[in-house]
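Structure record follows, encoded as structure tokens.
The values are calculated or read from the model by the stated rules, or taken from the named source; none is laboratory data. Predicted model, so just to flag it, every value in this text is computed and none were measured. Positions of Cβ are backbone-derived with ideal geometry, glycine not excepted, and every protein chain shown enters the neighbour counts. Please note that ligands, DNA and RNA were not included when accessible areas were found on the heavy atoms of the full protein model with its side chains. Shrake-Rupley method; radii C 1.70, N 1.55, O 1.52, S 1.80 Å.
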Amino acid sequence: MKLTDHEQAMLQGDHGPAKARAMDLLLRYGRALGAERLVEVRNVAGTWNAGSPALRPYADESMDRLFSKFNLDSDEVVETPQAEVYTCQLIHGIDTRNNRLMGVPDEAADYQRRAEAFFGRRGVSMFNTCTPYQVGNVPVKGEHCAWMESSAVVYCNAVLGARTNTEGRESTGAASLTGRIPYWGFHVPENRLGTHVLEAEPEVRGIMEWGLFGYHAGEAVGEDIPVLTGRLHQPGLIDLKHFGAAGASSGGIEMYHIPGTTPEAPGLEAALRPGAHERLVYTAADRQRAWENLNHSASSDDVDFVMLGCPHNAIEQVWTAAKLLDGRRVHENTELWIFTPRALKDTADLNGYTEVIERAGGHLLSDTCPAIGRVVPKGTRTVATDSAKQAHYLPAIMGVGCHFGSVAQCVEAAITGRWRGGLA
Amino acid sequence: MSVVEIRGRCVVPGVAEGAAFVSPETISGWGGIDSRTGTIVEMRHPMRGQSFAGKVLLFPGAKGSSGYSHFFHLCRVNGTAPVAQLFTRMTAKAALGCVVTRVPAMTDFDRDPFELIRPGDHVRVDADAGLVTVTRP
């Protein structure tokens, strides 16, 4: 790989051992990809958590050991310096303010608090959410980034027009210290063009329908880039958040276009790769099948646990849930957990939404989710959620059955303890 | 006994050999594998319940969460990683996953490895030389 003088100096250790180890990893990674050079990044989103059982022994040795091992893939223990560029922490495993409620021991929360204090001081902004774009990290079109979190990556590329591959814990650790990432994949303009047209026949409107469409799209195109057309109502942030999260779960969608809506698609032709003519259709039968695939794991209609907020809820979604819950009571056999970014939890507190949710017997939580934290209420067998991503992952991770539906269907399940959702 | 050679590009240098573990579908790291055992756990995955630990993993590529590399990293720590990795679709997740697993890895093959490698075949991966040798008894 061709390196600039500054990159060469970092590799040689002129800027300290941590940056040398970071450059070593970026070179191994860049060569694996077949990249010819690195590109400058000034916006990094990754993870520096310490609370999971596999990580604690390393944190016991030292945070530097944890960082060296899992954020730089370095066997040599290096001192963790200040981040070189703007860096934030994504979602992680523990809501340290509600760990007891979630059945997570104080000891685990203590590890996480120590990691937050250690890496926070070194320039990692503790947003603790899978949706940094909901709390002020909104890259500009064309900006090169190094982000983890598949649902955030696809939002960053498709909706914001900024440029990132789906990075990992080690590569974002290295990018944060060097301000560099391999110039490959979605950093290269021609790789961002659409490979397929995916035309929606059923009307796509509202969170649930965008989730179903995304879940189908991921199965239909895998890692390719669909250009979405057909009966699409003007989407908002929340719709596209759910579309991308679903498509990055059933498949590996990291980029898509909606002509006339997303920033790199002024029109259909401009969004398509030259010679890309493959046309796919999303039919009513595909919609039905997506629904069934998201509901097949549930064998009971008795709902033990209702989960909202994957990806983390916008304040508008918290408001919607609060209105549906106002003056009602969650069923005695059912738990209701709603997840939102920590910064928006403060807004929900201020607005009184938290109080409404808690008065109904639900809980407003932050920093984590059941899939990432690997935690559901004790004894949970059947879950209801409005998230295709969560319904995709929870059965595999937690061995539970999942119902997928609209937020109204899920709140209804929380109130009655019974699943009565279905496709209209 | 038959011997087949496949040429490809080095992703991670090194030489290793073992029995083939063939996953016809892409693999998700986070939520798709159990790093304590190297077992595929994704629902509806054709290899669900089977472990790639100690085997030569042939798979189309990576999918799903960006936790991918970290979970293969944990496989390495736990001793449940494959001994070598062969895959056909390059992505950032697949590349980083291979790098941190630190076992020989290859891609960009001159012939379709899914046509030529069957589960249980003995596979020697010489990533330094860009050569995969498949032996079937």
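For residue A:399, which of the numbered conditions (1) open to solvent by 40 Å² or more (accessible area, probe 1.4 Å); (2) closer than 30 Å to residue A:50 by Cα; (3) in contact with a Phe, Trp or Tyr (Cβ under 9 Å, 6 or more places away or on another chain) fails to hold?
Condition (3) is where residue A:399 drops out.
Residues that are closer than 25 Å to residue A:52 by Cα, at the interface with chain A (Cβ under 8 Å from one of its Cβ atoms), over 13 Å from the mean Cα position of the chain (by Cα) and open to solvent by less than 10 Å² (accessible area, probe 1.4 Å): does the range B:48-63 have at least one?
No, the conditions are met nowhere in the range B:48-63.
Restricting the range B:19-36 to residues that are within 13 Å of chain A (Cβ to nearest Cβ) and of a type in the set (Val, Ile, Thr), which is surrounded by the fewest Cβ atoms within 10 Å (Cβ to Cβ)?
Among residues in the range B:19-36 that are within 13 Å of chain A (Cβ to nearest Cβ) and of a type in the set (Val, Ile, Thr), the one surrounded by the fewest Cβ atoms within 10 Å (Cβ to Cβ) is B:26.
Filtering the range A:236-257 down to residues that are open to solvent by less than 10 Å² (accessible area, probe 1.4 Å) and closer than 15 Å to residue A:195 by Cβ, which residue is farthest from the other protein chains (Cβ to nearest Cβ)?
A:257
Looking at (1) part of a loop (DSSP other than H, G, I, E, B); (2) more than 20 Å from residue A:390 (Cα to Cα); (3) open to solvent by less than 10 Å² (accessible area, probe 1.4 Å), which is the one condition that is false for residue A:227?
All conditions pass for residue A:227, except number (1).
Kindly indicate whether residue B:16 is at the interface with another protein chain (Cβ under 8 Å from one of its Cβ atoms) and buried (at least 16 other Cβ atoms within 10 Å of the Cβ).
The answer is no for residue B:16.
Among the numbered conditions (1) open to solvent by less than 40 Å² (accessible area, probe 1.4 Å); (2) within 24 Å of residue A:151 (Cα to Cα); (3) within 11 Å of chain A (Cβ to nearest Cβ), tell me where residue B:44 comes up short.
In the conditions (1) open to solvent by less than 40 Å² (accessible area, probe 1.4 Å); (2) within 24 Å of residue A:151 (Cα to Cα); (3) within 11 Å of chain A (Cβ to nearest Cβ), residue B:44 misses (1) alone.
Give me the pairs: first residue in the range A:51-65 and in the same structural domain as residue A:124 (by TED's automatic domain parsing), second residue assigned to a loop (DSSP other than H, G, I, E, B) and of a type in the set (A, V, I, L, M, F, W, C), beta-carbon distance under 6 Å, and six or more apart or on different chains, which are they?
The qualifying pairs are A:51/A:94; A:59/A:50; A:64/A:77; A:65/A:77.
Would you mention how many residues in the range A:3-35 are away from chain B (no Cβ under 14 Å) and surrounded by fewer than 17 Cβ atoms within 10 Å (Cβ to Cβ)?
10
Checking the structure you have, find out if any residue of the range A:285-296 is in a loop (DSSP other than H, G, I, E, B), of a type outside the set (S, T, N, Q) and surrounded by fewer than 24 Cβ atoms within 10 Å (Cβ to Cβ).
yes
Please tell me if residue A:130 is in contact with a Pro (Cβ under 8 Å, 6 or more places away or on another chain), under 30 Å from residue A:265 (Cβ atoms) and without any contact (Cβ under 8 Å) to a residue 24 or more places away in the chain.
No; evaluated as a whole, the condition is false for this residue.
Among the numbered conditions (1) facing chain A (nearest Cβ under 7 Å); (2) touching a residue at least 12 places away in the same chain (Cβ under 8 Å), tell me where residue B:92 comes up short.
Going through the list (1) facing chain A (nearest Cβ under 7 Å); (2) touching a residue at least 12 places away in the same chain (Cβ under 8 Å), residue B:92 breaks only (2).
For the range A:133-160, name all the residues that are in contact with a Phe, Trp or Tyr (Cβ under 8 Å, 6 or more places away or on another chain), more than 14 Å from chain B (Cβ to nearest Cβ), in a helix (DSSP H, G or I) and of a type outside the set (A, V, I, L, M).
Selection gives A:133 alone.
Residue under question is residue A:163, and the condition is that it be closer than 24 Å to residue B:96 by Cα, of a type in the set (Lys, Arg), in contact with a Phe, Trp or Tyr (Cβ under 7 Å, 6 or more places away or on another chain) and not assigned by TED's automatic domain parsing to the domain that holds residue A:236; does it hold?
In short, yes.
What residue, among those in the range A:186-211 that are open to solvent by 10 Å² or more (accessible area, probe 1.4 Å) and either in a strand (DSSP E or B) or small (Gly, Ala, Ser) (or both), is nearest to residue A:27 (Cα to Cα)?
A:196
Checking the condition open to solvent by 10 Å² or more (accessible area, probe 1.4 Å) and not assigned by TED's automatic domain parsing to the domain that holds residue A:361, which residue from A:332, A:278 passes?
Result: A:278 is the single residue among A:332, A:278 that is open to solvent by 10 Å² or more (accessible area, probe 1.4 Å) and not assigned by TED's automatic domain parsing to the domain that holds residue A:361.
Could you tell me which numbered condition residue A:110 fails, if it satisfies all but one of (1) outside any loop (DSSP other than H, G, I, E, B); (2) touching a helix residue (DSSP H, G or I) at 6+ places or on another chain (Cβ under 8 Å)?
(2)
Can you name every residue in the range A:377-424 that is within 13 Å of residue A:208 (Cα to Cα) and at pLDDT below 95?
A:421, A:422, A:423, A:424
Restricted to the range B:95-120, and to residues that are of a type outside the set (Val, Ile, Thr) and within 7 Å of chain A (Cβ to nearest Cβ), which residue is nearest to residue A:66 (Cα to Cα)?
Among them, the one singled out is B:96.
When the range A:110-131 is examined, which residues are found to be crowded, with 22+ Cβ neighbours inside 10 Å, under 18 Å from the mean Cα position of the chain (by Cα) and more than 20 Å from residue A:178 (Cβ to Cβ)?
A:127, A:128, A:129, A:130, A:131
Go through (1) part of a helix (DSSP H, G or I); (2) at positive phi for residue A:103 and report which single condition fails.
(1)
Which ranges mark the strands (runs of 3 or more DSSP E) fully within the range A:319-424 that have 3 or more residues being among the basic types (Lys, Arg) and touching a Lys or Arg at 6+ places or on another chain (Cβ under 7 Å)?
Counting at least 3 such residues, we get no strands (runs of 3 or more DSSP E) at all.
Kindly indicate the residue of the range A:347-382 that is open to solvent by less than 10 Å² (accessible area, probe 1.4 Å) and small (Gly, Ala, Ser) and also farthest from the chain's Cα centre (by Cα) among those meeting that condition.
Step by step, filter the range A:347-382, then rank; the result is A:360.
Report, by residue number, each residue of the range A:377-399 that is within 14 Å of chain B (Cβ to nearest Cβ) and either of a type in the set (Asp, Glu) or farther than 23 Å from residue A:251 by Cβ (or both).
A:399
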